[in-house]
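**Q** Have a look at this one.
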Amino acid sequence: MKKTLFTLQFAFTLAVCAFLVVPVVLSVLAGLTANYFIGIKSGLTLRWVGEVWDGYQDTIYLSIGIALACLAVTLVLGVPAAYALARTRSRLGRLFEELLMLPIAVPGLATALGLIVTYGALGSFRTSWTFILVGHVLFTLPFMVRSVLAVLSAIDLKTLEEGAASLGATFRERFFHIVLPNCRNGILAGALMVVTLSVGEFNMTWLLHTPFTKTLPVGLADAYASLRLEIGSAYTLVFFMMIVPLLLAMQAIAAPRTRRFARDDGKLETM
Amino acid sequence: MTLLLPAAIFFAAFFILPMCRLFLVGGSGAMGWSAYAAIVTDASYFKALLATLGVAAATTVATLVISAIAGVFLQRHRFPGKSLMVSMLTLPLAFPGVVVGFMVIMLAGRQGLIGVVSQMLGGDNLVFAYSLLGLFMGYVYFSIPRTILTVMAATEKLDPRLEEAARSLGASPWRVVCDVILPGLKPALIAAGAICFATAVGAFGTAFTLATNINVLPMVIYTEFTLSANIAMSAALSFVLGAVTWLALAVARSLTGPNVAAAG
């Protein structure tokens, strides 16, 4: 009885794995096959990847550029904000934290339309890549703040800072030598999340982009709609090669961390 | 508190202000403020709303059932190849909606695997990627990875002794699932379900990749904005859409406590 139950559940889980992985494998194969309609026997080729590279490499550069700029902005805005939120824990702080999460709950389409009706008339801003950057920062900032806040709430920040202050450390010294090193893991996890989400963001970007500011997912949508299956697949393959290393890195650092200098009540929030 | 200021200013300028503008623009069209009621008074918008909510509800139920079975199984058993399975199940975690749409095309599109297999079995070329069914499949694909992770984390926190106690008192496996495991997982399932639902209601990329004639609300908003240039109506509809997704998450949070957030 127990054995059959195990086998059934195993088979079910395996089927779910297949549902998720088979299309990925098919798409990778299609991107490397000379003619997908005929099949693998038509031969393997890098021709499609080459065509994608020739036609769309600027979208790849733009996506990487926006992701890095987005990371820089979320670090500058998010880490100090998370620190302030961890220190205050007031009602106002809670409210701000709540508000900050809204761009994740509200569909990207609505956020993008809001930006367009408010700032769309500012021509040079509307047509620049920074217009897309603003949308990406809105969407990724909550992840950076939450990730850093989770680490900061798990350590006894107050005691650490008081200790340093009693030894004569200034606020600046405490922030850079006590706070930042302690939330390194949170910053790293948040940074990977921010870059991954920014590289893949489409819902907002599709409305925010112009013909001169096409990101990778925008190019993907273009290719899916108008080009042959092999090129769409090759383009997807390029996207996978960018995103999968980020994912693996995220899984690696999400592995259980060792207990750090924990608060007295023993409450240790994990992410 | 001054450290909050940069983030607060950015947020006020680029989110609070635009959302207020969006609300005002929504009422500035030919219909005036009744544009906000159009989602229920206009037959075609209302139909799109029903289709959107229907696909989202179906996605939520299917994703929760699939993820609960696979997630509990993976957390409760040790066997060779398990970590590989977990990696495979979380691989699509960072795929955007457009790519998920393409995955559906690989499976159920005109040159898709399902069609090839159905033809080999002597049937017709089975193609359903470019319909509501394809959209449903895409949303389930998108939601399974994050939901399985939530279920696994929640299962880890369940006390296995409760299940042993139930078994030793003679409960059948089915009773153990219904009376011990499911109640224990309930908060996690509600939270994950709300995220599934909210993402399926608001997502745009998958529908965009699959077909432009799938009438779900995000596609209607997009069409109103680009093809009809009816900015007021698209603003009103997207404001309502945002309210629906926010409400779904807020209700879930009030039921389960403060750990709900969406992604995607």
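**Q** Other chains' Cβ within 10 Å of A:79-89 residues: what's the mean?
**A** Counting other chains' Cβ atoms within 10 Å and averaging over A:79-89 gives 3.
**Q** Order these peptides, A:58-65, B:215-222, A:241-248, A:150-157, by their mean beta-carbon neighbour count within 10 angstrom, highest first.
**A** Going by the mean number of other Cβ atoms within 10 Å, highest first, we get B:215-222, A:150-157, A:58-65, A:241-248.
**Q** Using 0.36 nm per residue of separation minus the Cα-Cα distance, give me the extension gain between residue A:53 and residue A:4 in nm, one decimal. Intermediate values should be presented prior to the final figure.
**A** Details: separation 49, 0.36 × 49 = 17.64 nm, distance 5.02 nm.
Gain on extension, residue A:53 to residue A:4, equals 12.6 nm.
**Q** Please build a GNM for chain A, connecting alpha carbons under 10 Å apart, and tell me which residue among A:22, A:148, A:49 fluctuates the most.
**A** For chain A, modelled as a Gaussian network with Cα springs under 10 Å, the answer is A:22.
**Q** Moving on. Name the shape class, rounded, prolate or oblate, that the alpha-carbon gyration tensor gives for the stretch A:20-163, where a ≥ b ≥ c are the square roots of its eigenvalues, rounded holds for a/c under 1.5, and otherwise prolate holds if a/b is larger than b/c and oblate otherwise.
**A** Note, shape of the stretch A:20-163 comes out prolate.
**Q** Using the 10 angstrom Cβ neighbour count as an exposure proxy, how do B:33, A:53 rank, fewest first?
**A** Ranked by crowding around the Cβ, least crowded first: B:33, A:53.
**Q** I would also like to ask the following. Sort out the exposed loop trypsin sites (Lys or Arg not before Pro) in chain B (DSSP loop, at most 12 other Cβ within 10 Å) and tell me the longest stretch that has none.
**A** Segment B:111-264 is the longest.
**Q** Under the definition of Cα pairs under 8 Å and six or more residues apart, what whole-number percent is the relative contact order of chain A?
**A** Relative contact order comes out at 31 percent.
**Q** Rounded to the nearest 500, what is the protein assembly as shown's calculated 222 nm mean residue ellipticity when only DSSP H runs of at least 4 contribute -39500 (n - 2.57) each, over all residues?
**A** Counting only the DSSP helices, I get -23500 deg cm²/dmol.
**Q** Please report, in debye to the nearest 20, how large the charge dipole of chain B is about its Cα centre when each Lys and Arg carries +1 at its beta carbon and each Asp and Glu carries -1 there.
**A** Roughly 440 debye for chain B.
**Q** Ok, one more. Enumerate the calculated ³J(HN,Hα) couplings along the stretch A:153-162 in order (Karplus 6.51 cos²θ - 1.76 cosθ + 1.60, θ = phi - 60°), each rounded to whole Hz, writing x wherever the residue is Gly or Pro.
**A** Running phi through 6.51 cos²θ - 1.76 cosθ + 1.60 with θ = phi - 60° gives 6, 8, 9, 8, 4, 4, 4, 4, 5, 4 Hz.
**Q** Further question on the same structure: At a Cα cut-off below 23 Å, give the lysines reachable from residue A:158, other chains included and same-chain residues fewer than 8 away excluded.
**A** A:267
**Q** Which residue, B:50, B:169, B:64, tops the fluctuation ranking in a GNM of chain B built on C-alpha contacts under 10 Å?
**A** Maximum fluctuation in the GNM of chain B, among the listed residues, is at B:169.
**Q** With springs only between Cα atoms under 10 Å apart, run a GNM on chain B and tell me which of B:237, B:210, B:113 wobbles the most.
**A** The residue that fluctuates most here is B:113.
**Q** Is the shape of the stretch B:32-256 rounded, prolate or oblate, going by the alpha carbon gyration tensor and its root eigenvalues a ≥ b ≥ c, with a/c under 1.5 for rounded and a/b larger than b/c for prolate?
**A** oblate
**Q** Placing +1 at every Lys and Arg Cβ and -1 at every Asp and Glu Cβ, with all other atoms neutral, what dipole size does the stretch A:60-227 have around its Cα centre, in debye to the nearest 20?
**A** Values: 11 positive and 8 negative charges, 44 e Å.
For this selection, approximately 220 debye.
**Q** Another question, then. Can you list residues from other chains, or at least 5 along the same chain, whose modelled amide H is less than 5 Å from the amide H of residue A:33?
**A** Placed amide hydrogens put A:45 under 5 Å from residue A:33.
**Q** Could you tell me which of rounded, prolate or oblate describes the stretch B:119-243, using a ≥ b ≥ c as the square roots of the eigenvalues of the alpha-carbon gyration tensor, with rounded for a/c under 1.5 and, failing that, prolate when a/b is larger than b/c and oblate otherwise?
**A** Verdict is oblate for the stretch B:119-243.
**Q** Any chance you could check the Cα centroid distance between the stretch B:173-208 and the stretch A:130-195 for me, in angstrom?
**A** First find each Cα centre; the distance between them is then 31 Å.
**Q** Given +1 on the Cβ of Lys and Arg, -1 on the Cβ of Asp and Glu, and no further charges, what dipole in debye does the protein assembly as shown carry about its Cα centre, rounded to the nearest 20?
**A** With only Lys, Arg, Asp and Glu charged at Cβ, the dipole is about 1040 debye.
**Q** Still on this model: Taking chain B as the reference, fit the longest principal axis to its C-alpha atoms, fit the long axis of helix B:217-226 to the helix C-alpha atoms, and give the angle between the two in degrees, 0 to 90, nearest 10.
**A** Approximately 30 degrees, to the nearest 10.
**Q** Moving on. How far is the Cα center of the stretch B:129-148 from the Cα center of the stretch A:21-91, in Å?
**A** 20 Å
**Q** Which aspartates and glutamates have a Cα less than 18 Å from the Cα of residue A:2, not counting those fewer than 8 places away in the same chain?
**A** B:163, B:164
**Q** While we're on this one: When only C-alpha pairs under 8 Å and at least 6 residues apart count, what is the relative contact order of chain B, in percent? Kindly include the intermediate steps, with their values, before the conclusion.
**A** On the way: 316 pairs, mean separation 74.1, N = 264.
Across chain B, relative contact order equals 28 percent.
Taken together, the values in this text are just the output of simple stated rules run on the coordinates, not laboratory data. Everything quoted here is computed from the prediction, not taken from an experiment. Backbone-built Cβ (ideal geometry, glycine too); neighbour counts: all protein chains shown.
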